[in-house]
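Reading through the structure tokens given below for one structure.
Just so it is clear, none of the values below were taken in a lab; they were calculated from the coordinates. Nothing here was measured: the structure is a model prediction, and the numbers come from that model. As a convention, Cβ positions derive from the backbone with ideal geometry for all residues, glycine included, and neighbour counts pool all protein chains shown.
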Amino acid sequence: MTASQTQLNELIRRINKESREMFLETFAKIRENFQQLFRKLFGGGKADILLLNEEDVLESPIEIVARPPGKETRTLTLLSGGEKTMTALSLLFSIFQSRPSPFCLLDEVDAALDEANTERFGTLVREFVHTSQFIVITHAKRTMSMADVLYGVTMQEPGISTRISVRFEEVDKALENDLEPAGVS
């Protein structure tokens, strides 16, 4: 082998070693966050994310297992729609805890949730608004009622779409002063 091949092989070995260490460190944080957030969202139960091939962690499949309160441990595919959604939200937000993003776009994530779980979802989002801005696309009135600002499209006259926005802070102030809300347009 030439000197440059030896240097390249050494560099690859070092990068792989550092990548494995960084992955395992991040995975451990996300795993811990996931276990806590799952219990919080479900009001109990247990969940875990597992590496299926610990010999090669960078190529290993990851399995998600969950046991909602009062149920048997199951893989994600065997959960109900609402349970899958809450489990996925637990995992998503556990990643956000590890590495916050400046914003997050969630499209119809609440569609399979009942009112109690929608409330839990809203509470969880409120806990993360100090690090991230959330844009939630939804048709659920309960989710909309938790927002600070609503943007939407309405069709008050057939064939004529109108954009609307509502800032609830301004509506609250206007209601206190018995005035027309300035944030409604």
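Kindly put Thr138, Thr131 in sequence by how many other C-beta atoms sit within 10 Å of each C-beta, fewest to most. Walk me through the numbers on the way to the answer.
On the way: Thr138 18, Thr131 12.
In increasing order of surrounding Cβ atoms, one gets Thr131, Thr138.
Given contacts defined as C-alpha pairs under 8 Å and at least six residues apart, what's the relative contact order of the chain, whole-number percent?
On the way: 226 pairs, mean separation 24.4, N = 185.
So the answer I get is 13 percent.
Highest GNM mean-square fluctuation among Leu92, Leu52, Leu37, for the chain modelled with Cα contacts below 10 Å: Leu52.
Can you give the direction-averaged projected area of the convex hull of the alpha-carbon atoms in the chain, in nm²? Display every interim value, and only then the final one.
Working: hull surface 68.2 nm².
If I average the Cα hull's projected area over directions, I get 17.1 nm².
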